[in-house]
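Step one of this worksheet: look at the structure below.
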Amino acid sequence: MNILVEKPDFRAGSIGKFLEFFSKIKKEDSLALISHIDLDGIVSTKITNEIFHTDLIKFVDYPVFNLNLLEDLKLQGVKNLVITDLYVKDEELINKLNEFENVLIIDHHQFIRDFNSSKISFINAQDYCAAYLCFYLISSIKEIEHYDWLVACASISDFLFIKNEIWLKEIFEKYGDKFSIKEGLIDQNGKFWELQWYLSLAIIYSKESNLKDVYYSIGKDFGNMGDLTKSAKVVEDYIEESLIKFEEEKINLRNGFFWEFIPEFKVGSFISNMISTKYTDKTILIARPSDKHYIFSARRQDGKENMDLLLKSLTKNFKDADGGGHIKAAGGHVSIKDKEEFKKLLGIEIDKL
Ligand SMILES: [Mn+2]
């Protein structure tokens with residue numbers, strides 16, 4: 001029995017733009033897939049690669065999704081690019097993309113403008129995870145029903161399960177789970193909740209260079225994640241300890257909390273989801289330093305503060321900085337040398353909230 005994949009309302013591009021891209025791809029031309037380091041990114045890649053069959057896969061975070069990355073790929077002779085679950089932040093990057101022969105971008109973040117061109121097929125719909133958009137588009141070419149459970153997992157981990165609720169209900173039932181939302185959140189006792197939880201933790205456990213192991217460990221049959229559960233459990237314990245630390249170290253702000261911590265694993269944005277689920281009426285800002293950047297995530301579950309705008313405004317006057325995302329969840333970074341200045345500004349901004 002086929003479960004109908006409802007058509008998303010596209011804000012940019014269309015299924016026609018996707019088919020046009022696909023028809024232009026020659027098998028002999030090198031094609032690279034670029035996606036985000038999270039479950040939505042990995043699932044999007046699994047699905048798109050059902051039709052592109054490439055081993056040239058890059059999982060990146062925003063600081064690495066830049067001109068250098070694209071230039072490196074060009075030097076390697078890559079002619080075609082498929083980018084999923086990443087927003088293109090500026091005109092410079094758009095210009096660089098236009099230097100490739102064919103580019104497909106499937107994304108669900110806010111975007112600066114519709115940059116579809118003769119070379120770029122840009123497809124955007126919002127309030128769905130990127131994996132769902134990929135699933136809808138690729139389904140028009142190939143039977144990929146075996147990955148429906150992974151798309152459901154990505155919808156949950158990205159907090160985007162309202163617009164495709166009817167579809168999700170059917171997928172949950174198909175695998176003997178029950179889809180239920182309480183106060184805007186998915187019931188955390190079911191099979192799907194547990195699956196996306198362990199998959200996300202396994203991604204966090206992996207260093208950037210090992211992400212392809214995670215990618216290849218995930219199988220086609222329901223719940224098949226190889227032996228990723230082992231590494232996921234290590235991170236699970238670590239998160240538990242960190243949440244206790246948050247309560248001890250959080251800095252009270254008028255409208256929420258700020259917390260800086262140097263995690264052993266990249267659990268920053270993951271922990272902010274858990275904390276913001278606990279404090280739904282608070283703006284939660286969690287920051288961590290890395291080699292070159294000061295990286296932060298912002299969450300606000302009740303939607304009374306726009307996280308996309310907040311991080312855009314906080315980062316706009318810094319060089320080598322970026323910020324944005326969704327109303328309820330956003331991320332960003334400034335250069336590590338601007339850390340103290342950013343924190344100062346954060347103090348000022350937060351007082352104003
Ligand atoms: Mn996503």
Which length gain, in nm to one decimal place, applies between LEU243 and LYS344 when the Cα-Cα distance is subtracted from 0.36 nm times their residue separation?
-> 33.9 nm
Along each of its three principal axes, how wide is the spread of alpha-carbon positions in region 217-274, in whole angstrom units, largest first?
-> 48, 20, 14
Hey, with R₀ at 22 Å, roughly what FRET efficiency would ASN98 and LEU75 work out to, going by the Cβ-Cβ distance, to 0.05?
-> 0.85
Could you pull the Cα extents of the chain along its three principal axes, largest to smallest, in whole Å?
-> 54, 47, 35
For LYS26 and SER217, calculate 0.36 nm times their separation in residues minus their Cα-Cα distance, and state this gained length in nm to one decimal.
-> 65.9 nm
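Please say if region 238-352 is rounded, prolate or oblate, where rounded means a/c under 1.5 for a ≥ b ≥ c the square roots of the C-alpha gyration tensor eigenvalues, and otherwise the choice is prolate for a/b larger than b/c and oblate otherwise?
Working: a/c = 1.56, a/b = 1.14, b/c = 1.36.
Note, shape of region 238-352 comes out oblate.
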Report ILE25's accessible area, 1.4 Å probe, all protein chains in place, as a number in Å² to the nearest 10.
-> 40 Å²
Pairs LYS74/LYS337; LYS142/LYS191; LYS24/LYS96: which exceed 22 Å Cα-Cα?
-> LYS74/LYS337; LYS142/LYS191
Would you please classify the overall shape of region 19-98 from the alpha carbon gyration tensor, given that a ≥ b ≥ c denote the square roots of the eigenvalues, rounded means a/c under 1.5, and beyond that prolate means a/b larger than b/c while oblate covers the rest?
-> oblate
Among 249-256, 47-54, how do they line up from the highest to the lowest mean number of other beta-carbon atoms within 10 Å?
-> 47-54, 249-256
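Which pairs break 26 Å Cα to Cα here: LYS46/LYS312; LYS230/LYS266; LYS58/LYS278?
Numbers: LYS46/LYS312 31 Å; LYS230/LYS266 17 Å; LYS58/LYS278 33 Å.
Flagged as over cut-off: LYS46/LYS312; LYS58/LYS278.
What is the packing order of peptides 210-218, 322-330, taking the mean over residues of other C-beta atoms within 10 Å and listing the highest first? Display every interim value, and only then the final one.
On the way: 210-218: 17.3, 322-330: 21.6.
The most tightly packed comes first, giving 322-330, 210-218.
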In deg cm²/dmol, rounded to 500, what helix-only [θ] at 222 nm does the chain give when every DSSP H run of at least 4 residues adds -39500 (n - 2.57) and the total is split over its residues?
-> -13000 deg cm²/dmol
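Only Lys, Arg, Asp and Glu count, each charged at its Cβ (+1, +1, -1, -1), so figure out the dipole size of the chain about its Cα centre, rounded to 20 debye. Show your work: numbers first, answer last.
Values: 46 positive and 57 negative charges, 107 e Å.
The dipole magnitude comes to about 520 debye.
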Which residue, LYS89, LYS46, LYS292, tops the fluctuation ranking in a GNM of the chain built on C-alpha contacts under 10 Å?
-> LYS292
On the protein heavy atoms, probe 1.4 angstrom, tell me the percent of accessible surface of the chain carried by carbon and sulfur.
-> 50 percent
Can you list the aspartates and glutamates whose alpha carbon sits under 18 Å from that of LYS212, skipping same-chain ones fewer than 8 residues off?
-> ASP38, ASP40, GLU50, ASP55, ASP61, ASP85, ASP227
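Averaged per residue, what accessible area in Å² does region 178-248 show with a 1.4 Å probe, protein chains only? It would help to have the intermediate numbers written out before the result.
On the way: 3960 Å² over 71 residues.
Result: 56 Å² of accessible area for each residue.
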Relative contact order of region 204-325, defined on C-alpha pairs under 8 angstrom at six or more residues apart (%) = 16 percent
When you count, for each residue, the other Cβ atoms within 10 Å and take the mean per peptide, how do 257-265, 66-74, 143-151 rank with the highest first?
-> 143-151, 257-265, 66-74
Taking the chain and dividing mean pair separation by its residue count, relative contact order in percent (alpha carbons under 8 Å, at least six apart) = 12 percent
Between region 103-165 and region 196-217, what's the alpha-carbon centroid distance in Å?
-> 20 Å
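The values are calculated or read from the model by the stated rules, or taken from the named source; none is laboratory data. Please read all numbers here as calculations on a predicted model, not as lab measurements. We place every Cβ from the backbone using ideal geometry, glycine too, and count neighbours over all the protein chains shown. Areas reflect the complete protein model, heavy atoms only, side chains present, ligands, DNA and RNA absent. Shrake-Rupley method; radii C 1.70, N 1.55, O 1.52, S 1.80 Å.
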